[in-house]
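Chemist: Encoded as structure tokens, here's the structure I'll be asking about.
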Amino acid sequence: GQQVMQIPQYQHVQEGEDFTTYCNSSTTLSNIQWYKQRPGGHPVFLIQLVKSGEVKKQKRLTFQFGEAKKNSSLHITATQTTDVGTYFCAGRIGTASKLTFGTGTRLQVTL
Amino acid sequence: DSGVTQTPKHLITATGQRVTLRCSPRSGDLSVYWYQQSLDQGLQFLIQYYNGEERAKGNILERFSAQQFPDLHSELNLSSLELGDSALYFCASSVSGAPGNTIYFGEGSWLTVV
């Protein structure tokens, strides 16, 4: 079945350092979404990418969708303690409504 | 607040028992999803409904069942519970369940099976 893997599984950075999580799918995705889950919280939608090679920015966050639409990345510039949480990518194949979540990357930020 | 309401927030029950988790989607959303999140696992898709009909099925055990009612609220029934069923169960909703829809998650129901 479809698998969506994320690396790294966990990353610990000092505040001010950059952070990147990578999302890789075994199959081509029609679109990809990113979610953030704070400790003890629920996943919250961040953004959706649809086009091949698409790049979107939200303040210090940069999201990219690969040319082959099988991978994506989330880059955070100058992390802050408020960035702590688990970041999930989630993708769909074709017109399927099922959204498959990646394995998640847990980010820890310390002062 | 996502607008998705789940009850109960916490539930402790014994092995072999049956529980029902309830979900009210955001106002106007027709599609409901159920996900399971265990401690060492990501978000496992269980099942999706759209306007009362099953739309997609994931890794849902035969001991589990769900339905979406005419008023669009949904219930996830878990029976013959095992220790391994202990997890956080999320309900989510979207406008129509189309591929481009954003999914909004509820705060989850923590199930502990002892």
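Chemist: I'd like to know if the range A:71-88 contains one or more residues that are part of a strand (DSSP E or B), within 22 Å of B:ASN59 (Cβ to Cβ) and of a type outside the set (Ser, Thr, Tyr).
Modeler: Looking through the range A:71-88, at least one residue is part of a strand (DSSP E or B), within 22 Å of B:ASN59 (Cβ to Cβ) and of a type outside the set (Ser, Thr, Tyr).
Chemist: Looking only at the range A:44-70, which residues are in contact with a Phe, Trp or Tyr (Cβ under 7 Å, 6 or more places away or on another chain), assigned to a strand (DSSP E or B) and not β-branched (Val, Ile, Thr)?
Modeler: Of everything in the range A:44-70, those that are in contact with a Phe, Trp or Tyr (Cβ under 7 Å, 6 or more places away or on another chain), assigned to a strand (DSSP E or B) and not β-branched (Val, Ile, Thr) turn out to be A:PHE45, A:LEU46, A:LEU49, A:LYS56, A:PHE63.
Chemist: Could we say that B:GLN67 is touching an Asp or Glu at 6+ places or on another chain (Cβ under 8 Å) and open to solvent by 60 Å² or more (accessible area, probe 1.4 Å) here?
Modeler: yes
Chemist: From the list A:LEU107, A:LEU61, A:LEU74, pick out the single residue that is more than 26 Å from B:ILE47 (Cα to Cα) and touching a helix residue (DSSP H, G or I) at 6+ places or on another chain (Cβ under 8 Å).
Modeler: Result: A:LEU107 is the single residue among A:LEU107, A:LEU61, A:LEU74 that is more than 26 Å from B:ILE47 (Cα to Cα) and touching a helix residue (DSSP H, G or I) at 6+ places or on another chain (Cβ under 8 Å).
Chemist: I need the full set of residues from the range B:91-114 which are of a type in the set (Phe, Trp, Tyr), in contact with a Leu (Cβ under 7 Å, 6 or more places away or on another chain) and closer than 18 Å to B:ASP1 by Cβ, in order please.
Modeler: Those that are of a type in the set (Phe, Trp, Tyr), in contact with a Leu (Cβ under 7 Å, 6 or more places away or on another chain) and closer than 18 Å to B:ASP1 by Cβ: none in the range B:91-114.
Chemist: Quick one: in the range B:31-63, of everything that is touching a Gly at 6+ places or on another chain (Cβ under 8 Å) and open to solvent by 50 Å² or more (accessible area, probe 1.4 Å), which residue is nearest to B:TRP110 (Cα to Cα)?
Modeler: B:GLN44
Chemist: Across the range B:82-106, which residue is farthest from the other protein chains (Cβ to nearest Cβ) among those that are in a strand (DSSP E or B) and not hydroxyl-bearing (Ser, Thr, Tyr)?
Modeler: That would be B:ALA87.
Chemist: Mind counting the residues in the range A:49-93 that are crowded, with 19+ Cβ neighbours inside 10 Å, of a type outside the set (Lys, Arg) and within 13 Å of chain B (Cβ to nearest Cβ)?
Modeler: Summing the residues that are crowded, with 19+ Cβ neighbours inside 10 Å, of a type outside the set (Lys, Arg) and within 13 Å of chain B (Cβ to nearest Cβ) in the range A:49-93 gives 7.
Chemist: Considering only residues that are open to solvent by 80 Å² or more (accessible area, probe 1.4 Å) and part of a loop (DSSP other than H, G, I, E, B), which ones fall in the range A:6-17?
Modeler: Across the range A:6-17, the qualifying residues are A:GLN9, A:GLU15, A:GLU17.
Chemist: Then there's this: Does the range B:57-67 hold any residues that are among the polar types (S, T, N, Q) and part of a strand (DSSP E or B), and which are they?
Modeler: Matches in the range B:57-67: B:SER65, B:GLN67.
Chemist: Something else now. Out of curiosity, is B:PRO70 free of Cβ contacts under 8 Å to residues at least 24 places away in the same chain and either in a helix (DSSP H, G or I) or within 12 Å of chain A (Cβ to nearest Cβ) (or both)?
Modeler: no
Chemist: Yes or no: A:LEU107 open to solvent by less than 10 Å² (accessible area, probe 1.4 Å) and away from chain B (no Cβ under 14 Å)?
Modeler: yes
The values are calculated or read from the model by the stated rules, or taken from the named source; none is laboratory data. What you are looking at is a predicted structure, and each value in this text was computed from that prediction instead of being measured. With ideal geometry, Cβ positions are generated from the backbone for all residues, glycine too; neighbour counts draw on all protein chains shown. What goes into the accessible areas is simple: the full protein's heavy atoms, side chains included, and nothing from ligands, DNA or RNA. Shrake-Rupley method; radii C 1.70, N 1.55, O 1.52, S 1.80 Å.
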